[in-house]
Amino acid sequence: MEQSRYELNKELAQMLKGGVIMDVTTPEQAKIAEAAGACAVMALERIPADIRAAGGVSRMSDPKMIKGIQNAVSIPVMAKCRIGHFVEAQILEAIEIDYIDESEVLSPADDIYHIDKTKFKVPFVCGSRDLGEALRRINEGASMIRTKGEPGTGDIVQAVRHMRLMNAEIAKIVSMREDELFNEAKELQVPYDLVLYVHQHGRLPVVNFAAGGVATPADAALMMQLGAEGVFVGSGIFKSGNPEKRAAAIVKAVTNFEDKEMLAALSEDLGEAMVGINEQEIELLMAERGR
Amino acid sequence: MRIAVSAVQGAFIEHEQMLSSLGVECFELRQRADLLRSFDGLVLPGGESTVQGKLLRELDMFDELHQQIRAGLPVLGTCAGLILLAEQLSNDPNVYFGTLPVTVRRNAYGRQLGSFYAEESFQGQGVVPMKFIRAPYIESVREGVEIMARVEGNIVAVRYHNQLGLSFHPELCSDTRIHQLFLSLVGQGSSSAA
């Protein structure tokens, strides 16, 4: 992939900042999400909570279904492929998806290798639990990062853990002497240049969103206060009692994430939130997929 | 001189960094109370116009900004910001501020695969770098609108009195000339108002 294409792909993620990316399964849901203020939608056949419930192998969505959503909205449309499944990614590129999520929510297709994302023109977002994982994905060509969290649970604890760990590791690298960065690159199994970038800039070289378990405006604002640049909401919206209202409230909470009075007003009367599952109660930790 | 940057969604930090590097004070507009501060110019950044237009309205900033732009507040709109300023969109029934007498086509270059980089001449500035990201372009302009730049025949930058509308993203390049042009409009505005 040429360098200017990679820059443009990172810059599309910059345009999404301060926004909410919502999982949708139908054109109707996509329209609801767009009207509620989503800055992009993630098109998929089943939201993570249902994938979790159904079990079995979970794959890329039907391209026809994704195209239906592309035709329904004017905002960017993302879709998921399995970790390492570069042919699913080729298919998504062929239908001109705006962003591919190489996602642990689907069943991994390769238990060693992620996709060589430098071979693609379309941008990729990848999940990560810590800095090393984020920089490895960026080295493979990811132009946007998100926390893995624990998808489909409505439980924010893992996204918080991943974001805090990332922040702590970045702070550590910033505080290091330059001659210590070589060893840090070895420890993280990433190129020195990426570690140097983090040392000099105090941040990832790409946009970093929160994802996995966001169910309320307060969850979204929590992740923003912890340093997320935007939020993915998966099952949290269309598994709740009043998707339109909840979606719109989460969008406003991301813009005004530090205004506690506004957050209080936004949190009122949203109807039933999605039923959550605690991490101790689940058998499958999707965040463990891919390293 | 103080510039307000709409920060409801999108790439507003990039504009703030650019303005700060030019020694200009700026602040973010996230809610109604932020409009209580005085400012001499407004930046409407890139992002999603549907989100920004909705939030500016629902966070109760739209009418006040609309009134100020109509009264001559200098404004720089990039990409989504251009869409918010346009009087008409050819492929979308929405109109937001509608203060810039042009017709704009949203996502005119298609999806992300159509995003591109170009270097083209800009009225009075020479050749400038231009990044187009799921960008709109301007299909037609009404009387009094000055065309500032074209790329492959399509209009990508216009000026109408104190409004500067661009379909590309000067805030993503290190070249500061477009922001300096905007600041010169702001400088003229504040001196004539004084």
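The values are calculated or read from the model by the stated rules, or taken from the named source; none is laboratory data. From a predicted model like this one, the values you see are computed outputs, not experimental measurements. Reconstructed Cβ throughout: ideal geometry from the backbone, glycine too, with neighbour counts over all protein chains shown.
Details
- The one condition from (1) part of a helix (DSSP H, G or I); (2) more than 25 Å from residue A:4 (Cα to Cα) that residue B:81 does not meet is (2).
- Yes/no for residue B:59 being of a type in the set (A, V, I, L, M, F, W, C) and more than 14 Å from chain A (Cβ to nearest Cβ): no
Yes/no per residue for (1) at pLDDT 95 or above; (2) of a type in the set (D, E, K, R); (3) over 19 Å from residue A:230 (Cβ atoms):
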| site | (1), (2), (3) |
| --- | --- |
| A:96 | yes, yes, yes |
| A:99 | yes, no, no |
| A:113 | yes, no, yes |
| A:116 | yes, yes, yes |
| A:119 | yes, yes, yes |
| A:125 | yes, no, no |
| A:135 | yes, no, yes |
| A:140 | yes, yes, yes |
| A:152 | no, no, yes |
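- Any helices (runs of 4 or more DSSP H) falling wholly within the range A:231-291 and containing at least 2 residues that are over 20 Å from residue A:160 (Cα atoms): A:243-255, A:260-267
- Top-ranked residue in the range B:129-184 [being touching a residue at least 40 places away in the same chain (Cβ under 8 Å) and small (Gly, Ala, Ser); ranked as nearest to residue B:79 (Cα to Cα)]: B:167
- Odd one out for residue A:105 among (1) outside any helix (DSSP H, G or I); (2) more than 14 Å from chain B (Cβ to nearest Cβ); (3) touching a helix residue (DSSP H, G or I) at 6+ places or on another chain (Cβ under 7 Å); (4) farther than 15 Å from residue A:84 by Cα: (4)
- The residues on offer are B:98, B:47, B:110, B:53, and the sole one that is away from chain A (no Cβ under 14 Å) and either outside any strand (DSSP E or B) or within 17 Å of residue B:172 (Cβ to Cβ) (or both) is B:98.
- Filter result for residue A:5 (of a type in the set (Lys, Arg), more than 10 Å from chain B (Cβ to nearest Cβ) and surrounded by fewer than 24 Cβ atoms within 10 Å (Cβ to Cβ)): no
- Filtering the range A:28-45 to residues that are crowded, with 18+ Cβ neighbours inside 10 Å and outside any strand (DSSP E or B) leaves A:29, A:30, A:32, A:33, A:34, A:36, A:37, A:38, A:39, A:44.
- Here residue B:109 meets the list (1) in contact with a helix residue (DSSP H, G or I) (Cβ under 7 Å, 6 or more places away or on another chain); (2) under 22 Å from residue B:178 (Cβ atoms) almost entirely, failing just condition (1).
- Subset tally (residues that are within 11 Å of chain A (Cβ to nearest Cβ) and either surrounded by 18 or more Cβ atoms within 10 Å (Cβ to Cβ) or in contact with a strand residue (DSSP E or B) (Cβ under 9 Å, 6 or more places away or on another chain) (or both)) for the range B:16-40: 5
- Considering each residue of the range A:195-215 in turn, at least one proves to be within 14 Å of chain B (Cβ to nearest Cβ) and in a helix (DSSP H, G or I).
- Any hit, the range A:197-206, residues being out of contact with any Leu (no Cβ under 7 Å at 6 or more places or on another chain) and among the charged types (D, E, K, R): yes
- Taken over the range A:234-278, residues that are of a type outside the set (A, V, I, L, M, F, W, C), in contact with a Leu (Cβ under 8 Å, 6 or more places away or on another chain) and closer than 23 Å to residue A:24 by Cβ amount to 7.
- Scanning the range B:60-78 for residues that are under 15 Å from the mean Cα position of the chain (by Cα) and either on the phi > 0 side of the Ramachandran plot or part of a loop (DSSP other than H, G, I, E, B) (or both) turns up B:72, B:73, B:74.
- Filter pass, residue A:19 being in contact (Cβ under 8 Å) with a residue 12 or more places away in the chain, within 11 Å of chain B (Cβ to nearest Cβ), within 18 Å of residue A:206 (Cα to Cα) and buried (at least 22 other Cβ atoms within 10 Å of the Cβ): yes
- Check on residue A:160, among the β-branched types (Val, Ile, Thr), more than 14 Å from every other protein chain (Cβ to nearest Cβ), assigned to a helix (DSSP H, G or I) and over 28 Å from residue A:46 (Cβ atoms): no
- Of all residues in the range A:250-286 being small (Gly, Ala, Ser) and surrounded by fewer than 24 Cβ atoms within 10 Å (Cβ to Cβ), the one that is nearest to the other protein chains (Cβ to nearest Cβ): A:265
- Members of the range B:62-92 that are of a type outside the set (Ser, Thr, Tyr) and within 11 Å of another protein chain (Cβ to nearest Cβ): B:79, B:80, B:83, B:89, B:91, B:92
- Pair list, Cβ under 9 Å, 6 or more apart: the range A:1-15 residue of a type outside the set (A, V, I, L, M), other residue modelled with pLDDT under 95: A:9/A:1
- Residue, nearest to residue A:124 (Cα to Cα), within the range B:113-130, restricted to residues that are in a strand (DSSP E or B) and within 14 Å of chain A (Cβ to nearest Cβ): B:116
- Which listed residue is surrounded by 24 or more Cβ atoms within 10 Å (Cβ to Cβ) and over 22 Å from residue A:222 (Cβ atoms), from A:175, A:103, A:107, A:128: A:103
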